[in-house]
1. In the list B:GLU139, B:GLU76, B:GLU132, B:GLU82, which residue meets the criterion of being surrounded by fewer than 16 Cβ atoms within 10 Å (Cβ to Cβ) and touching a Leu at 6+ places or on another chain (Cβ under 7 Å)?
2. Within segment B:280-315, how many residues are modelled with pLDDT under 85 and under 24 Å from B:GLY221 (Cβ atoms)?
3. Pick from segment B:111-124 the residues that are within 7 Å of another protein chain (Cβ to nearest Cβ) and in a helix (DSSP H, G or I): which of them is surrounded by the fewest Cβ atoms within 10 Å (Cβ to Cβ)?
4. Given A:SER172, A:SER194, which one is within 30 Å of B:MET169 (Cβ to Cβ) and away from chain B (no Cβ under 14 Å)?
5. With respect to B:GLU185, determine if the residue is within 13 Å of chain A (Cβ to nearest Cβ) and in contact with a strand residue (DSSP E or B) (Cβ under 7 Å, 6 or more places away or on another chain).
6. Taking the criterion of being buried (at least 22 other Cβ atoms within 10 Å of the Cβ) and assigned to a loop (DSSP other than H, G, I, E, B), would at least one residue in segment B:300-322 satisfy it?
7. With the requirement that a residue be within 18 Å of A:ILE107 (Cβ to Cβ) and either facing chain B (nearest Cβ under 10 Å) or of a type outside the set (Gly, Ala, Ser) (or both), what does segment A:231-244 give you?
Amino acid sequence: MAKYICKRIIMAIVVLLLIASLTFLLMNLVPGGPFLSEKAPSQAVLDALNAKYGLDQPLHIQLKNYMVNALHGDFGVSLKMQKNRPVTDIIIEMFPVSLRVGIVAVIVAVICGVPMGCIAAYYRGGKMDSFLRVVMTLGISIPGFVVATLLLIFFGVKLHWLPTMGLNGWTSYIMPAFTLAFYPMCYLGRLSRSSMLDAINQDYIRTARAKGVKGKAIIFKHALRNALIPVVTYLGPLTAGIVTGGFVAETVFCIPGLGRYFVQSVLNRDYPIIMATTIFLAALVILMNLVVDILYKVIDPRIDITKGGEH
Amino acid sequence: MENNEKKLIEVKDLKVSFFTPAGEVKAVGGISYEMGYSEVMGIVGESGSGKSVEAYTIIGLLASPGKVVGGEILFEGKNLLEYDKKQMEDFRGREVSMIFQNPMTCLNPVYTIGNQLMEALLCHDKSIGREEARNRAIEMLTLVGINNPDKRIKQYPHELSGGMRQRVMIAMGLICHPKLLIADEPTTALDVTIQAQILELMKDIQKKTQMSIIFITHNLGVVAEICDKVSVMYAGKIVEQGNVNDIFYNPSHPYTKGLLRSMPRVDETIYERLIPIEGSPVDMLNPPEGCGFGARCEHCMKICLRKQPPTVELGNGHRAACWLLATKEKEGN
């Protein structure tokens, strides 16, 4: 197991290097630059700025410099948005904000979505099932900004129940977390419904019933654990995506999180921030996938991850 | 079986139908039989004859769209069909348990053998501590002939062979000491040597525990090996029932005769071709008005196609449902 995890970490570093190089090249292919704004600075100023941040050098030299610095833990400073502030500082400041909302959202998605799927599967074909299926289909087809706006209008503006912006007190987490959670919750619901239906029809469920196990124990002990694999698979990248912040939720509810900042950094061509947030997100996705693979083994003893990785 | 002896289970005119979009399928069309304590009864029939449906009905595992439409099942005098969901959950496993055809898929792959064995015990009686449940599980595994049971209970189903898993299934069925075990083709999915071992084991355990077994199979050899009584089912009806000797040496229904003729025999010295039963089973969506076997029967008469045959007593619990026997009986009178 330790050997397997080491191997995965080495693979992760290679993947991160590739992602970083690719992002670096793509980013530079996009026209524009960090120092351009409505009032264009003179060529002399531009040249001086480019020289200061090393942007006058050929691309491959820039890439090499960036990689060497990054491997030493130096991800550069912001060029535009928070001028000359180290990028790592910015991430350390912004990430916890997104993380807090994100974790609430993931928890909501899991504890509502999975039971929703189980209930729908248990009452398959019935009224409860039809109702939940409508809700889940709505959930995966309504875009996030519609959900966010509707919440804002009803609970924020009309009813004045919840604060409309910022993160002050636990009530302010409700709407952004729900906005982030709604789609994955419904997706998880559909996923767990179908894999539960699959599990319920297996022979071992019949065996469990034949020995007199009660209905609830059959669903939550025997069927659910077998149905969890696809759910956990989806949950890995989902968690990475949500905890790094949702652009829509953070923009609508004015939350100073990483998700919104990432999009703004792209618009502003703030190269070091784009690079650092991309690498950070990629590392998180890779980490979550490793966690998922280890969870597979915990859920299903038949799975041998150390062999599966080699093919 | 004498009437004064106490009966374990009595099935009276049981009718089970499946309500499919295409129409009502009368999977079990009114069957009756009774069983005493520590008796082994075989139910023989081809696929789709309703033998499994009948067994699932006893243990209350009939899946929708199946429904009991008539009759009663008396277990020690109480009608099982009147039990509610909770009573039935408590009844399953404790009074009657069931083992299934495919041991490869019948154990939950994500829990250990021990966990699943202990669960069978603990879900009926929470007062049993985990320690005692564990000991009982080990005891049961020893009974079904599994070596190193204290190691085995920590293993997962995928770490055991098919024969081993069927032994575990049997151990699980027996752990609450039920009065009746329903075995739904327990040897069909196993290879022949393992089949023989499992049969031997079941015979052995039956002698030790004195429980009754309903043995569902399409293998007449298995029936001869293990059963006291046999019911032959065809198209949702019991066409003939009696003790093993009556069925094998004095078959009375043309279908039973056909089945026996189509089976190879080891004691035959002249090798002749086996005689198959011509035709195919009836369409259960549109069952014939008369005898279900009529269209395939070499002795078919006009009345067979129009009216259901009556069940004729042939003495000593031997019964068959056939117009041939009914008319013979009349002539005899």
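1. Working: B:GLU139 fails: touching a Leu at 6+ places or on another chain (Cβ under 7 Å); B:GLU132 fails: touching a Leu at 6+ places or on another chain (Cβ under 7 Å); B:GLU82 fails: touching a Leu at 6+ places or on another chain (Cβ under 7 Å).
The match here is B:GLU76.
2. The total comes to 2.
3. Among those that are within 7 Å of another protein chain (Cβ to nearest Cβ) and in a helix (DSSP H, G or I), it is B:GLU119.
4. Working: A:SER172 fails: within 30 Å of B:MET169 (Cβ to Cβ).
Result: A:SER194 is the single residue among A:SER172, A:SER194 that is within 30 Å of B:MET169 (Cβ to Cβ) and away from chain B (no Cβ under 14 Å).
5. Details: within 13 Å of chain A (Cβ to nearest Cβ): yes; in contact with a strand residue (DSSP E or B) (Cβ under 7 Å, 6 or more places away or on another chain): yes.
Here the answer is yes, as B:GLU185 does meet what is asked.
6. Yes; the residues of segment B:300-322 include at least one that is buried (at least 22 other Cβ atoms within 10 Å of the Cβ) and assigned to a loop (DSSP other than H, G, I, E, B).
7. We begin by selecting, within segment A:231-244, every residue within 18 Å of A:ILE107 (Cβ to Cβ); these are A:231-232, A:234-244.
If the condition is that a residue be within 18 Å of A:ILE107 (Cβ to Cβ) and either facing chain B (nearest Cβ under 10 Å) or of a type outside the set (Gly, Ala, Ser) (or both), then A:VAL231, A:VAL232, A:TYR234, A:LEU235, A:PRO237, A:LEU238, A:THR239, A:ILE242, A:VAL243, A:THR244 are the ones that fit.
This table checks each residue for (1) within 14 Å of chain B (Cβ to nearest Cβ); (2) crowded, with 24+ Cβ neighbours inside 10 Å; (3) under 30 Å from B:LEU121 (Cβ atoms); (4) touching a residue at least 60 places away in the same chain (Cβ under 8 Å).
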site	(1), (2), (3), (4)
A:THR207	yes, yes, yes, no
A:LYS221	yes, no, yes, no
A:ASN226	yes, no, yes, yes
A:ILE229	yes, no, yes, yes
A:GLY246	no, yes, no, yes
A:ILE255	no, yes, no, yes
A:GLN264	no, no, no, yes
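The values are calculated or read from the model by the stated rules, or taken from the named source; none is laboratory data. Keep in mind the model is a prediction, meaning the values are calculated, not measured. Cβ sites come from the backbone with ideal geometry, for glycine too, and all protein chains shown count toward neighbours.
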